[in-house]
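A short worksheet on the structure shown next.
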Amino acid sequence: MHLLTEEIQKMLPELYATENEDDPIVWVKFFTPDSCWTWYVLEGSEQENVDWLLFAYVEGMFNESGYVSLRELENVIGPLGLGVERDITFTPIPLSKVLTQKCD
């Protein structure tokens, strides 16, 4: 599965494009199916090295916002040997909706 399709690349705002927005849109959700990590991607830009740098809200051991490269995500292997996947059912939503969701 391609984590970052051409369609997603086209709709994803460039890095820093939404930094002054009160409630930016989360465009794509990546997750590890065999652990507790989830990346809610807000922005991204292709880099000179043909990789993508993404800005995301990350839920894991701690919840925080930060940068991650697409290459890093593609190389993550969870405890059961599974890689990161894209939630193909995810619909873009405001970040505030993500922050108020409760997981069991």
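The values are calculated or read from the model by the stated rules, or taken from the named source; none is laboratory data. Keep in mind it's a predicted model, so treat the numbers as computed, not measured. Glycine gets a Cβ as well: all are built from the backbone with ideal geometry, and neighbour counts include every protein chain shown. Just the protein is used for accessible areas: all its heavy atoms, side chains included, with ligands, DNA and RNA removed. Shrake-Rupley method; radii C 1.70, N 1.55, O 1.52, S 1.80 Å.
Potential lengthening of the chain between ASP34 and ILE93 amounts to 18.8 nm, from the contour at 0.36 nm per residue minus the alpha-carbon distance. Of [x] 3, 12, 22, 23, 16, 10, 8, 5, 2, 0; [y] 2, 11, 19, 22, 19, 14, 8, 4, 1, 0; [z] 2, 12, 25, 27, 19, 11, 3, 1, 0, which is the value of P(r) over Cα pairs in 5 Å bins from 0, in percent derived from the coordinates here? So the structure-derived entry is [z].
The GNM of the chain, with springs linking C-alpha atoms under 10 angstrom apart, assigns the highest mean-square fluctuation among TYR57, TYR16, TYR40 to TYR16. At full extension, MET11 and ASN49 could sit 11.6 nm farther apart than now, given 0.36 nm per residue minus the alpha carbon distance. Summarising the amide proton neighbourhood of SER69: residues at separation of 5 or more, or on other chains, whose placed amide H is nearer than 5 Å comprise LEU54. The residues of the chain have, on average, 65 Å² of accessible surface per residue, using a 1.4 Å probe with all protein chains present. Split the accessible area of the chain by element, probe 1.4 Å, and carbon with sulfur accounts for 51%. Couplings for the range 72-83, taken from phi via the Karplus curve 6.51 cos²θ - 1.76 cosθ + 1.60 with θ = phi - 60°, read 4, 4, 5, 9, 6, 10, x, x, 9, x, 8, x Hz in order; Gly and Pro are left as x. For the range 94-99, putting each phi into the Karplus relation 6.51 cos²θ - 1.76 cosθ + 1.60 with θ = phi - 60° gives couplings of x, 4, 4, 5, 5, 5 Hz, in residue order, rounded to whole numbers and with x for Gly and Pro. With contacts taken as Cα pairs under 8 Å and at least 6 residues apart, the chain reaches a relative contact order of 28 percent.
Given R0 = 35 Å, the distance between the Cβ atoms of ASN75 and ASP22 translates into a calculated FRET efficiency of 0.55.
For the range 13-66, applying the loop criterion from DSSP together with a ceiling of 16 other beta carbons within 10 Å to the GluC sites (Glu not before Pro) yields GLU14, GLU19, GLU21, GLU48. Between the beta carbons of GLU64 and GLN101, assuming R0 = 25 Å, the FRET efficiency works out to 0.95 to the nearest 0.05.
Across the range 58-64, rounded Karplus estimates of 3J(HN,Hα) from the backbone phi angles (6.51 cos²θ - 1.76 cosθ + 1.60, θ = phi - 60°) give 10, 10, x, 4, 10, 9, 7 Hz, Gly and Pro being marked x.
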